[in-house]
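Each remark here refers to the structure printed beneath this line.
What follows draws every value from the coordinates through simple rules; no lab data is involved. Note that this is a predicted model, so its numbers are computed, not measured. Here Cβ is always computed from backbone atoms with ideal geometry, including for glycine, and neighbour counts include all displayed protein chains.
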Amino acid sequence: MLRAARPQIARYAARYCIAQLAEDATQEALWTLYRKLPTLRSVAAFPVWLLRIVARICSGLVTPLWRRIEALQEEHWAAQPEDVELRLDLANAIETLPETYREALVLFYYCDLSVAETAGRLGIANSAARVRLHRGRELIRRQLTGERRAPDSMPGRGSRS
């Protein structure tokens, strides 16, 4: 029975799912059909019942995917500076950072890792990762605003201001 239903399920999945997810939906529908077949009350209801199973599975596969895509697009557009020059200045400022600060900032902001995960990847303590993030942000801020201070007067280094 499952072999006979497979082409019909594949057709339904191709109609209701994204092409890349149709095979997954077909497999999931076959598994659901195998598990739920004893609950079918009437053989005449089989085609409609099967269609509803496939439609639910496709909806379950596609809806979260679209939500994630929309969320990523919103984050992408919200996080992008609107001024191209500012983006270029920021990229240049990041490139000129000392490697210790640049690594911490890239892991934290671009790889979207937590402070603990960043510290783990760098092999340092959480407090050291927070210090590197703070100092890296401070250096970028100074470079973008044109502020110049001696490196030994940075917070946490040499004399305290």
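Once the chain from GLN27 to ARG142 is taken as fully extended at 0.36 nm per residue, the excess over their C-alpha distance is 35.8 nm. The label point for SER114 and the one for ALA128, both projected 7 Å from the Cα toward the Cβ, are 2.0 nm apart. Compactness of the stretch 81-152, taken as the C-alpha radius of gyration over 2.2 N^0.38 Å, stands at 1.14. Here the Karplus curve 6.51 cos²θ - 1.76 cosθ + 1.60, taken at θ = phi - 60°, turns the phi angles of the stretch 30-43 into couplings of 5, 5, 5, 4, 4, 6, 9, 3, x, 8, 5, 7, 9, 5 Hz, with x standing for Gly and Pro.
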